[in-house]
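Following: one structure in structure tokens, then a few remarks.
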Amino acid sequence: MPEMPALKPRLIRSILVPLDGTSASEAVLPYIEGMAAHLNANLVFLTCVPEGLKSGVPERQYLERLAIPIRKRGLGVATTVREAEPGQGIVQTSLSYDTDIIAIAIDADPTGKHDLLGTVIREVLTSRVEPVLVLRDEDGRLASERWTPPSAVVVGLDGSAPSATALPHAEALANMFNSEIVLVRAVLASDALSGAARYYGAVDEFAERHLAGVAEALRLRGFKVATRTGHRLADQEILAAADSWPGSLIVLSTRGMTGRTKLVLGSVTERVIHSKRHPVFVVPAARPTPLN
């Protein structure tokens, strides 16, 4: 059975929400307000202004306009305007306010011509500060939905140490939301395990044994756990699992880097985010377990 370090989850106490005046950025608010209310967490609303613009008065008024009705409903909301480029401003604000996660909604691009993740999320993830909760706003759907506790926390594993960095976060989130944990591993039919295959047998059996060991450790810690293996691409198996548990939250690490354009996120994580189908909790590469 794989060894799993003891995890003492901390509550998500503070959520940073970058806002830029667009409907896409604001679409995250109903979802995040519901999550914050469930966790009794505070919100931090941020707008970044170009360097050299000293006033920031319209930006403060904009943030306060969004914050006031949420405060009236009983949540704590701080507002701040930072003179910086968005990526840099988000990282600086996360550090100065000691936020636990960053929630960002990404607008859908019906033409498919643009990199929807863009430089901002990449810069935030590269900084290795806080996990990023990525929500999609497609014609006002998904991101603008009211939050409900996720039925399952779906985490993709491939047997490597990098992919396992997402597991402590998935465990902590499942504990906070009383959710089932779904462990997913994709095994391409053409894969081989060289010398290891002589001991473990078929690749499928090896993958199933790996997930079974992780699942057993989690069940001993009191979690409800399901496992799934399949022969499709990893992102397809992860999305199929999330589809089977409506209202799922997917948790993935940025590790598993392949190709220059996938240097930060990794191709599997990026394809899952681009699917538009589920919220994705992205754990920055090499970040020490922040939910411990």
* Would you calculate the separation in nanometres between label points at ARG277 and ASN178, each defined as 7 Å from the Cα along the Cα-to-beta-carbon direction? => 2.8 nm
* Asked: In nm, what is the difference between 0.36 nm times the number of residues separating LEU39 and SER267 and their Cα-Cα distance?
  -> 78.9 nm
* Asked: Amide H to amide H under 5 Å from ILE101: which residues, 5+ apart in sequence or cross-chain, H placed 1.01 Å off N in plane?
  -> SER14, LEU16
* Sort the following peptides by mean Cβ neighbour count (other Cβ atoms within 10 Å, averaged over residues), highest first: 233-242, 93-102. => 233-242, 93-102
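Read-outs: derived from the displayed coordinates by stated rules, not from any lab. Everything numeric here is computed off the predicted structure, so don't read it as measured data. Reconstructed Cβ throughout: ideal geometry from the backbone, glycine too, with neighbour counts over all protein chains shown.
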